[in-house]
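Chemist: Below are the structure tokens for one structure; questions will follow.
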Amino acid sequence: MSAEAGIKARFLRMAIINGVCVLGAIAAVIGALVSGQDWLFAVFGLALAAGFAAQIWFIAAFRRAKEGV
């Protein structure tokens, strides 16, 4: 697999993970506001952290691939 194909595959994985995290975060906030369950705000925070971690993972791989240029 070429470096460009690897980056495209990682980007697709990151985009899917971020989409799942956004949906989970929205569901957690709506659930917390509707049902009054404060622990769902922790789920919201975890979803945000997971989304940011996926972006950092992608950026680190992107930088590693571009190091030789």
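The values are calculated or read from the model by the stated rules, or taken from the named source; none is laboratory data. Worth saying up front: this structure is predicted, and the values here are computed from it rather than measured. Here Cβ is always computed from backbone atoms with ideal geometry, including for glycine, and neighbour counts include all displayed protein chains. Ligands, DNA and RNA are excluded from the accessible area calculation, which covers all protein heavy atoms including side chains. Shrake-Rupley method; radii C 1.70, N 1.55, O 1.52, S 1.80 Å.
Chemist: Out of all the residues in the stretch 1-14, which are in a helix (DSSP H, G or I) and more than 14 Å from Ala53 (Cβ to Cβ)?
Modeler: Ala3, Glu4, Ala5, Gly6, Ile7, Lys8, Ala9, Phe11, Leu12
Chemist: I'm trying to understand the selection: among the residues of the stretch 1-44, which are among the charged types (D, E, K, R) and open to solvent by less than 70 Å² (accessible area, probe 1.4 Å)?
Modeler: Within the stretch 1-44, Arg10 is the sole residue that qualifies.
Chemist: Also, I was wondering about something else. I'm trying to understand the selection: among the residues of the stretch 45-69, which are open to solvent by 80 Å² or more (accessible area, probe 1.4 Å) and in a helix (DSSP H, G or I)?
Modeler: Scanning the stretch 45-69 gives Leu46, Phe52, Ile56, Trp57, Ile59, Phe62, Arg63, Arg64, Lys66.
Chemist: Any residue at all in the stretch 30-44 that's in a helix (DSSP H, G or I), under 11 Å from the mean Cα position of the chain (by Cα) and not basic (Lys, Arg)?
Modeler: Within the stretch 30-44, none of the residues are in a helix (DSSP H, G or I), under 11 Å from the mean Cα position of the chain (by Cα) and not basic (Lys, Arg).
Chemist: Enumerate the pairs (first residue in the stretch 53-69 and closer than 17 Å to Ser2 by Cα; second residue anywhere and modelled with pLDDT under 80 and surrounded by 11 or more Cβ atoms within 10 Å (Cβ to Cβ)) with beta-carbon separation below 8 Å, excluding pairs fewer than 6 apart on the same chain, so at least 6 apart or on different chains.
Modeler: These pairs meet every condition: Ala65/Ala3.
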